[in-house]
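Undergrad: Starting off with a structure, shown below.
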Amino acid sequence: MNTILSATNVSKIYGKKGASTYTAIRNLSFSMKEGEFIGIMGPSGSGKTTLLNMIATLDPATEGDITINGVSLSAMDENGLSDFRSRQLGFIFQDFNLLETMNAFENIALPLSLQHIAAPQIQATVRQVAGLLGIHDILEKYPAELSGGQKQRTAIARALVHNPALLLADEPTGALDSKNAAALLNTLTELNRSQNASILMVTHDPLSASHCSRLLFIKDGAIAQELHSTGTREQFYRDILEVLGGMDRELVAGGRR
Ligand SMILES: Nc1ncnc2c1ncn2[C@@H]1O[C@H](COP(=O)(O)OP(=O)(O)OP(=O)(O)O)[C@@H](O)[C@H]1O
């Protein structure tokens, strides 16, 4: 299996040298194979969003390098990164980020329209992805006319339509009720299994995390622990709670020192 993502000795230091600086990610390395569903967990302020932003090509690493689909991010300039982002990455945001003035079809088509792909091909691709997500009958509707679940499926379709190498999700269930959260996680799991989609998801929620095949626990900007799903999802959920309990106990003990 191909390596889809590798981070090598990556550090992120906020602030200018000489002035006060803060090391949010320190010398972190990991790699991800095509078709993995990786979750990133960790306490507030541990560096999860910082790491995701670097992988998303939105913020450069201060040290080290990130390679996605064989391409080194540090070797590209702003234009190269922007082009790479729109072709190789798919984003699922907590609040969907659908454009209210466009209907579902146009929202889903956006990544393809930006790449100037011909209209007949856009039609065919959007309809195929909409079929995969069961939303082919709502394509003419505007976001205001969609249910929460339909908005979420539209957002996933938009993240997938250009067949990205890597799907990035930041707390994707954060704004959803438990029914829609479960539906979203089932959809991601299904995409991972049936389409071999590579998914990297930041989450605080142990239940969401239990859908992943592997979890990285970040603490103080470094990987403190890794957990693989080997048995059932229920067992994985229990293992996650155990690790989180251990991290909480350490934090409390650290606070008492
Ligand atoms: N632009 C910035 N300048 C300075 N420090 C920053 C900046 N962005 C983040 N930080 C600091 O880096 C650390 C990691 O932040 P980050 O947002 O990555 O944490 P997180 O794990 O995603 O937290 P949360 O779970 O609360 O979203 C925090 O201590 C934060 O204050």
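Nothing in this text is a laboratory measurement; each read-out follows from the coordinates by a stated rule. Model, not experiment: these values are computed from the prediction. Cβ placement follows ideal geometry from the backbone for every residue including glycine, while neighbour counts extend to all protein chains displayed.
Undergrad: Taking 0.36 nm per intervening residue step and subtracting the Cα-Cα distance, what contour gain separates Phe30 from Gln128 on full extension? Write out the running numbers ahead of the final one.
TA: Numbers: separation 98, 0.36 × 98 = 35.28 nm, distance 3.37 nm.
Result for the pair: 31.9 nm of gain on full extension.
Undergrad: Still on this structure, I have one more. What are the ³J(HN,Hα) values, in whole Hz, obtained from phi via the Karplus relation 6.51 cos²θ - 1.76 cosθ + 1.60 with θ = phi - 60°, for each residue of segment 137-152 in sequence order, with x given for Gly and Pro?
TA: Couplings: 8, 10, 5, 7, 7, 8, x, 4, 9, 9, 6, x, x, 5, 4, 5 Hz.
Undergrad: So, one more: Give me a comma-separated list of calculated 3J(HN,Hα) values for segment 160-170, in order, Karplus coefficients 6.51, -1.76, 1.60 applied at θ = phi - 60°, integers in Hz, x for any Gly or Pro.
TA: Each residue's phi maps through the Karplus curve to give 9, 4, 9, 6, x, 5, 9, 9, 10, 10, 10 Hz.
Undergrad: Strictly over 31 Å apart at the Cα level, which of Lys12/Lys141; Lys12/Lys179; Lys33/Lys219; Lys12/Lys151 would you flag in this model?
TA: Details: Lys12/Lys141 42 Å; Lys12/Lys179 37 Å; Lys33/Lys219 23 Å; Lys12/Lys151 34 Å.
Table pairs above 31 Å Cα-Cα are Lys12/Lys141; Lys12/Lys179; Lys12/Lys151.
Undergrad: Once the Cα atoms of helix 178-195 and of the chain are each reduced to a long axis, what angle between those two axes, in degrees from 0 to 90 to the nearest 10, is obtained?
TA: 80 degrees
Undergrad: Mean separation of Cα pairs under 8 Å and 6+ residues apart, divided by the residue count of the chain: what relative contact order is that in percent? Before the final figure, lay out each step's value.
TA: Numbers: 433 pairs, mean separation 66.8, N = 257.
Relative contact order, the chain: 26 percent.
Undergrad: Relative to the first principal axis of the alpha-carbon coordinates of the chain, what is the inclination of helix 233-256, with its axis defined by its Cα atoms, in degrees from 0 to 90 and to the nearest 10?
TA: Helix 233-256 and the main axis of the chain meet at about 40 degrees.
Undergrad: Long-range amide H contacts for Lys141: which residues qualify at under 5 Å (H placed 1.01 Å from N, peptide plane, sequence gap of 5 or more or a different chain)?
TA: Distant-sequence amide H within range of Lys141: Ala104, Phe105.
Undergrad: What's the angle, to the nearest 10 degrees (0 to 90), between helix 104-114's Cα axis and the longest principal axis of the chain?
TA: Approximately 70 degrees, to the nearest 10.
Undergrad: Which longest run of the chain has no exposed loop site in it, a site being GluC sites (Glu not before Pro) in a DSSP loop with at most 11 other beta carbons within 10 Å, and the site itself not part of the run? The partial results should precede the final answer.
TA: On the way: sites that count: Glu100, Glu140.
Longest gap between qualifying sites, sites excluded: 141-257.
Undergrad: A further question follows. What number, in percent, do you get for the relative contact order of segment 32-105 if the mean sequence gap of Cα pairs under 8 Å and at least 6 apart is divided by its residue count? Let's see the in-between values first.
TA: Values: 24 pairs, mean separation 12.4, N = 74.
Result for segment 32-105 is 17 percent.
Undergrad: Here's another thing I want to ask about it. Extending each Cα 7 Å along its Cβ direction at Asn53 and Gln235, get the distance between those two points in nm, one decimal.
TA: It works out to 3.9 nm between the two label points.
Undergrad: If a/c stays under 1.5 just call it rounded; otherwise compare a/b with b/c (prolate if a/b is bigger, oblate if not). Do that for segment 1-82, with a ≥ b ≥ c from the square roots of the Cα gyration tensor eigenvalues.
TA: Details: a/c = 2.13, a/b = 1.32, b/c = 1.62.
Oblate shape, in that a/c is at least 1.5 and b/c is the bigger or equal ratio.
Undergrad: Also, quick follow-up: Spelling out what I want: for every residue of segment 75-91, take phi, set θ = phi - 60°, compute 6.51 cos²θ - 1.76 cosθ + 1.60 (Karplus), and round to whole Hz; glycine and proline get x.
TA: 8, 9, 8, 3, 5, x, 5, 5, 5, 4, 4, 6, 9, 9, 10, x, 10
Undergrad: Taking the Cα centre as origin and putting +1 on Lys and Arg beta-carbons and -1 on Asp and Glu beta-carbons, what dipole magnitude results for the chain, to the nearest 20 debye?
TA: Working: 22 positive and 26 negative charges, 83 e Å.
Using only the charged Cβ atoms, the result is roughly 400 debye.
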